[in-house]
1. Quick check on segment 72-112: of everything there that is aromatic (Phe, Trp, Tyr) and under 24 Å from Thr13 (Cβ atoms), which residue is modelled with the lowest pLDDT?
2. I'd like to verify a number: residues in segment 83-93 that are more than 10 Å from Leu25 (Cα to Cα) and surrounded by 14 or more Cβ atoms within 10 Å (Cβ to Cβ), how many?
3. From (1) among the β-branched types (Val, Ile, Thr); (2) out of contact with any Asp or Glu (no Cβ under 9 Å at 6 or more places or on another chain); (3) surrounded by fewer than 17 Cβ atoms within 10 Å (Cβ to Cβ), pick out the condition that doesn't hold for Val97.
4. Quick check on my filter: what residues within segment 1-27 are within 14 Å of the chain's Cα centre (by Cα) and at pLDDT 90 or above?
5. Hey, among the residues in segment 51-73 that are surrounded by 16 or more Cβ atoms within 10 Å (Cβ to Cβ) and among the aliphatic types (A, V, I, L, M), which one's farthest from Pro31 (Cα to Cα)?
6. Out of all the residues in segment 67-84, is one or more in contact (Cβ under 8 Å) with a residue 40 or more places away in the chain, in contact with a helix residue (DSSP H, G or I) (Cβ under 8 Å, 6 or more places away or on another chain), part of a helix (DSSP H, G or I) and hydrophobic (A, V, I, L, M, F, W, C)?
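The values are calculated or read from the model by the stated rules, or taken from the named source; none is laboratory data. Treat the numbers as computed from the prediction; the structure is a model and nothing was measured. So basically every Cβ, Gly included, is an ideal-geometry build from the backbone, and we count neighbours across all protein chains shown.
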Amino acid sequence: MANQTYVPGGDITSDDKLWGLLSYLLTPIVPIIVLLMEDKKARPYIKYAAVQGLAIGILIVIMAALSFLIIPGCLAGLLGIYAIYLAIKSYQGEYTVIPVVTDFCKKQGWIA
């Protein structure tokens with residue numbers, strides 16, 4: 001999975017990094033909570049990580065539900081490992097671009 005990084009500007013606090021980490025690690029629960037909290041949702045970095053974390057979490061849940069088929073089960077595991085990688089990058093303060101997910105979220109207007 002190719003991964004690009006871009007930084008749209010703005011200050012990223014340690015609190016932002018922590019919420020970004022949690023959004024990827026404890027997906028889909030934490031991203032839902034973050035998106036319901038107005039003060040966290042107003043922070044661009046937290047919102048970016050939460051929306052992408054939620055999208056990845058939904059994919060993991062769908063693939064896990066289809067795990068009686070071998071390939072979706074393997075994909076769920078791989079997405080889980082990729083979510084850990086994204087959490088580490090998020091804690092380093094990097095905006096990560098997930099090839100299909102980021103484009104989809106941007107086209108929906110969920111992230112800038």
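1. Among residues in segment 72-112 that are aromatic (Phe, Trp, Tyr) and under 24 Å from Thr13 (Cβ atoms), the one modelled with the lowest pLDDT is Trp110.
2. Final tally of qualifying residues: 4.
3. It fails just one condition, (2).
4. Asp16, Lys17, Leu18, Trp19, Gly20, Leu21, Leu22, Ser23, Tyr24, Leu25, Leu26
5. Met63
6. Step one: list which residues in segment 67-84 are in contact (Cβ under 8 Å) with a residue 40 or more places away in the chain, which gives 82-84.
Okay, now just the ones that are also in contact with a helix residue (DSSP H, G or I) (Cβ under 8 Å, 6 or more places away or on another chain), so 82-84.
Among the residues that remain, those that are also part of a helix (DSSP H, G or I) are: 82-84.
Subset that is hydrophobic (A, V, I, L, M, F, W, C): 83-84.
Yes - at least one qualifying residue is present in segment 67-84.
To keep it simple, each residue is scored yes or no on (1) assigned to a strand (DSSP E or B); (2) in contact (Cβ under 8 Å) with a residue 60 or more places away in the chain; (3) of a type outside the set (Val, Ile, Thr); (4) more than 19 Å from Trp19 (Cβ to Cβ).
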{"position": "Ile46", "(1), (2), (3), (4)": "no, no, no, no"}
{"position": "Ile56", "(1), (2), (3), (4)": "no, no, no, no"}
{"position": "Gly93", "(1), (2), (3), (4)": "no, yes, yes, no"}
{"position": "Thr96", "(1), (2), (3), (4)": "yes, yes, no, no"}
{"position": "Lys106", "(1), (2), (3), (4)": "no, no, yes, yes"}
